[in-house]
Amino acid sequence: MYAIGMCVDGRYLLPALVTLGSVADHLPVADRRESAVRVLTNGLSPGQAAVMESFARRCGFGSFDLRWQTPPAESVMADTAYISVATYLRFGFTPGFLDRPFLIYVDADVHVRGDVSTPLDGLPADRIGAVQDEFNPAVGQCPALPGVAECWPHLVGRTYFNAGMLWVPTPMLAPMRAGVHRALVRGRQYIKHNDQCALNLWLLSSGAAHPVGPVFNRFEVDRFLQRGDWVRRVLRPVTRRDGHVVHFVGGQKPWMRSCPGTEDVRAYRQQMHRTLRHLAGAGAR
């Protein structure tokens, strides 16, 4: 089976639980019993870790483990508007920690509405599954990886992937970690979107990417449309309701009171309220 992997700091405990609950809602009961939840953190307190373990168990996952870990010393934070260095923890999973043949990595700002294990079907053993980034679709055609197109023109038009959802065979964890390390050391000047750019530098050089269908990492865009029409110039069409995973990229997160109440935000908040009731029933504080 597989392990659901998440990276969580103290600020993201509740969103991580909301995401985890939505993952569980769309997995068969038997699959949940056979799968695992694995969490890397650089900020959860022991009490918060206990809450997360209790919640995962109540969701029906058969195994839970959490490790405290520091981000890599070479981490490059080019964009710190709403992202912390904890984002680099996603490269810290190891086969021994997972104890499962596959990692399904899930960001803590997504709302899952379908079975996220489906992309594992047909995933090559030497590839990493990822979805093309909707706002930064290709090298040289977006702000991501500045300077790469000029240095290596043959890479223009190559897919740029979003790191919010990843499907990784455990033998690929070490090559990914080493490749990202090299990218951070040798290609710091090309990094705009932190660890995501580092990951894409390695994917471009290694050819290790396996494209996954866009429904498994759809961006929620109606929040942006309420403040301007720039999204319409990037995405056509901009209204899609087929996402198995809805990703709330950007600084406006659906758990914030200031976030516009779009249809997808309302659906997320319903999931959040169910999560809070679940926690209250379990006596969590």
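Go ahead and estimate [θ] at 222 nm for the chain from helices alone: -39,500 (n - 2.57) per DSSP H run with n ≥ 4, summed, over the residue count, rounded to 500.
-9500 deg cm²/dmol
Between the alpha-carbon centers of the range 92-141 and the range 180-213, tell me the distance in whole angstrom.
Distance between centres, Cα-based: 15 Å.
Quick one: which residues, 5 or more positions from F64 or on another chain, have an amide H under 5 Å from its amide H? H modelled 1.01 Å from N in the peptide plane, none for Pro or chain starts.
Result for F64 returns V37.
Only Lys, Arg, Asp and Glu count, each charged at its Cβ (+1, +1, -1, -1), so figure out the dipole size of the range 5-147 about its Cα centre, rounded to 20 debye.
About 380 debye.
Counting only protein chains, not ligands or nucleic acids, how are T70, T87 ordered by accessible area (probe 1.4 Å), most first?
Largest accessible area first, the list is T70, T87.
Report the local net charge at F93: Lys and Arg +1, Asp and Glu -1, summed over other residues whose C-beta lies under 9 Å from its C-beta.
Once all neighbours under 9 Å are counted, the net charge is +3.
If amide H atoms are built 1.01 Å from N in the plane of the peptide, which residues on other chains or at least 5 residues away come under 5 Å of the amide H of V131?
Under 5 Å from the amide H of V131: N162, M165, V212.
Only one of the listed values, (1) 1.00; (2) 1.17; (3) 0.94, was derived from the coordinates as Rg/Rh (Cα atoms, Kirkwood Rh); which label is it?
This structure yields the entry labelled (3).
Pairs of alpha-carbon atoms within less than 8 angstrom and 6+ residues apart define the contacts here; what relative contact order does the range 2-281 have, in percent?
With pairs under 8 Å counted, the relative contact order is 21 percent.
Nothing charged except the Cβ atoms of Lys and Arg (+1) and of Asp and Glu (-1): what's the magnitude of the dipole of the chain about its Cα centre? Round to the nearest 20 debye.
Computed about the Cα centre, the dipole is about 500 debye.
Take the alpha carbon gyration tensor of the range 1-86, find the square roots of its eigenvalues, order them as a ≥ b ≥ c, and report rounded if a/c is under 1.5; if not, report prolate when a/b exceeds b/c, else oblate.
Prolate shape, in that a/c is at least 1.5 and a/b is the bigger ratio.
Considering only DSSP beta bridges with both partners in the range 2-281, what is the antiparallel share in %, to the nearest 5?
The antiparallel proportion sits near 40 percent.
Give the long-range amide H neighbours of G92: residues separated by 5 or more places, or on another chain, with amide H under 5 Å away, using H modelled in the peptide plane at 1.01 Å from N.
none
The values are calculated or read from the model by the stated rules, or taken from the named source; none is laboratory data. The structure presented is a predicted model; accordingly, all values stated were derived computationally and were not measured. Ideal geometry is used to build each Cβ from the backbone, glycine not excepted, and the neighbour counts take in all protein chains shown. Only protein heavy atoms, including side chains, enter the accessible area calculation; ligands, DNA and RNA are left aside. Shrake-Rupley method; radii C 1.70, N 1.55, O 1.52, S 1.80 Å.
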